[in-house]
Each structure stands twice: as C-alpha cells, then as structure tokens.
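Every read-out reported here was derived from the displayed coordinates using simple, explicitly stated rules and does not represent laboratory data. Remember, predicted model here, so these are calculated numbers, not experimental data. With ideal geometry, Cβ positions are generated from the backbone for all residues, glycine too; neighbour counts draw on all protein chains shown.
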Amino acid sequence: MVKIYCYSKCTTCRKALKWLEDHKIGYTSVDIKEDHPDEKTLRQIHKKSGLPLKKFFNTSGQLYREMELSKKLPDMSEDEMFQLLASDGMLVKRPLLITEDRAIPGFKEEDWRKAL
C-alpha cells in the first residue's frame, strides 16, 4: 500500500501524484494540512526513512520562515522537533511518500522509482 501526504495547492505534490498515475501505481492521498500525521505516526515514518529528522521540515514553507526555524532547529531536541512537526502539517516536507517499508519526504523521481 502506498500512502502520500499532499497539499492540493502544492505544484510538487500535483507533479508527484501525476507521476504515480502515469506509472499506474495505486495510492491513498491524505491532505497534510487537514489531516497531518500525529507525533506517534511521525516517529514511525521517520524510523522507516533512515533520514535525519531535519529532512522532514518544509524549509521552503512560509510558516517555517515565519517561525525562523532555521535558527531554532539546531538547538531543539528530537522530541521538540517531533512535537513541532505534529503541530502543523504545513511544517512537514511534502509530498511525503509512505510504503510498507520506506518513507520519503519530498519528490525526487529517481528516489520514488527505486522505492516503488
């Protein structure tokens, strides 16, 4: 099963969904703004990814910039980062692809091709 957290106004998300459809890969789409992952889910997703937690932040997002997180993240604990990510889906890098054994924040066609 493939699950993808997206935001409908995000062009990268739309591009990713089109890529899935073009490759006839079934998926379930979840609106990351309305139904963002909670802290427990984020911890599970992070573990699957094998990536540093900072890779899960939407660094190009308006909220990230407004909160000046580039200055704050280096001093935050992992628990604080998880709580922050769980507080607002717009802080999470999207699209967020989840498979049975992998998780990939962002859309890089080559990474998705390998995972799927």
Query raised in the report: Given (1) 42, 27, 24; (2) 67, 39, 32; (3) 81, 21, 20, which label gives Cα extents along the principal axes in Å as computed from the coordinates?
Result: (1)
Query raised in the report: What is the distance, in nm, between label points placed 7 Å from the Cα along the Cα-to-Cβ direction at Thr41 and at Gln83?
Result: 2.1 nm
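Given the pairs Lys93/Lys114; Lys9/Lys71; Lys18/Lys47; Lys40/Lys114; Lys71/Lys114; Lys18/Lys71, which span a C-alpha to C-alpha distance of over 23 angstrom in this model?
On the way: Lys93/Lys114 19 Å; Lys9/Lys71 27 Å; Lys18/Lys47 27 Å; Lys40/Lys114 26 Å; Lys71/Lys114 34 Å; Lys18/Lys71 35 Å.
Long pairs (Cα-Cα over 23 Å): Lys9/Lys71; Lys18/Lys47; Lys40/Lys114; Lys71/Lys114; Lys18/Lys71.
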Query raised in the report: Which of the GluC sites (Glu not before Pro) across region 1-87 are loop residues per DSSP, with 15 or fewer other Cβ within 10 Å?
Result: Glu34, Glu68
Requested in this report: Can you tell me the order of 70-76, 43-49, 59-65, 3-9 when each peptide is scored by its average per-residue count of other Cβ atoms within 10 angstrom, highest first?
Outcome: 3-9, 43-49, 59-65, 70-76
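What ranking do Asp79, Asp31, Asp88 get, fewest neighbouring Cβ atoms within 10 angstrom at the top? Please list the in-between numbers first.
Numbers: Asp79 10, Asp31 13, Asp88 16.
Going from least to most buried by this count: Asp79, Asp31, Asp88.
Just how large is the dipole of the chain about the Cα centre, in debye to the nearest 20, putting +1 at every Lys and Arg Cβ and -1 at every Asp and Glu Cβ?
440 debye
Determine, from the Cβ-Cβ distance of Asp75 and Glu21 and an R0 of 30 Å, the FRET efficiency 1/(1 + (r/R0)^6), rounded to the nearest 0.05. Write out the running numbers ahead of the final one.
Numbers: r = 42 Å, r/R0 = 1.39.
So the FRET efficiency works out to roughly 0.10.
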**Report entry** On Cα atoms only, tilt of 11-22 relative to the major axis of the chain in degrees
**Finding:** 30 degrees
